[in-house]
1. Note the angle between two axes, namely the Cα long axis of helix 10-31 and the longest principal axis of the Cα atoms of the chain, as a number of degrees from 0 to 90, rounded to the nearest 10.
2. Normalised by the number of residues in the chain, what is the relative contact order in percent for Cα pairs under 8 Å and 6+ residues apart?
3. Write down Rg/Rh for the range 15-77, rounded to two decimals, with Rg from the C-alpha atoms and Rh from the Kirkwood relation over Cα pairs.
4. Let me understand the range 1-135 better: what is its radius of gyration from the alpha carbons, and its Dmax, in angstrom?
5. What's the angle, to the nearest 10 degrees (0 to 90), between helix 34-64's Cα axis and the longest principal axis of the chain?
6. Of A93, S71, L13, whose Cα points farthest to the positive end of the dipole of the range 1-137 (charges on the beta-carbon: +1 Lys, Arg; -1 Asp, Glu; origin at the Cα centre)?
7. Mind giving me the FRET efficiency for N130 and A27? R0 is 35 Å, r the Cβ-Cβ distance, nearest 0.05 is fine.
8. Go ahead and set up a Gaussian network model of the chain, Cα springs under 10 Å, then flag whichever of P128, P89, P29 fluctuates most.
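Nothing in this text is a laboratory measurement; each read-out follows from the coordinates by a stated rule. None of these values were measured; they are calculated from a predicted model. Cβ sites come from the backbone with ideal geometry, for glycine too, and all protein chains shown count toward neighbours.
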Amino acid sequence: MKLNQQGFTLVELIVVIVILGILAATALPRFINVTGDARTAAVQGFAGGIRSATALVQARYFATGSSGSTSVTMGDNTTVAVAAGTGIPTGAAVGIGDAIAGEGACIAGAGGCSGFTAVFGASSTFQPTNGGSATCGVTYDETNGAVVATITGCP
């Protein structure tokens, strides 16, 4: 009587393990830079959020018809400091900071600006709180409301 054994031989198992090792070695480099890609996407998304907040504050400014005013009260009762005549948020925590995160949430040097650390001024800068370099972040210009996302050096 002949017995038929079922299963894989040791050689077959080793060949499968070698093939899986080769596939893993070629696929792994594609996923190594996921953190840098995520940080880059976060910076670009934050820049888009600042652009939207600036446009929303400006629209509210002109809709209320107060062209000489230096503040705008948004729908959630957040007061945003703006430049008179243009409605562009100022480069301060009470200006673009409140437009982004709500009243008092975005403080200079803290990570309360949606995960970004802010340095306010005529040219405000926002850098990812969880790392990055001096060249990874968003710059907001209070004179014209321009927003520039710099993604070089986002590790």
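1. The angle comes out near 20 degrees.
2. About 17 percent, as a whole number.
3. My calculation of the ratio gives 1.51.
4. 27.1, 103
5. Once rounded, one gets 30 degrees.
6. Positive-most Cα among the choices belongs to L13.
7. 0.85
8. Residue with maximal mean-square fluctuation among P128, P89, P29: P29.
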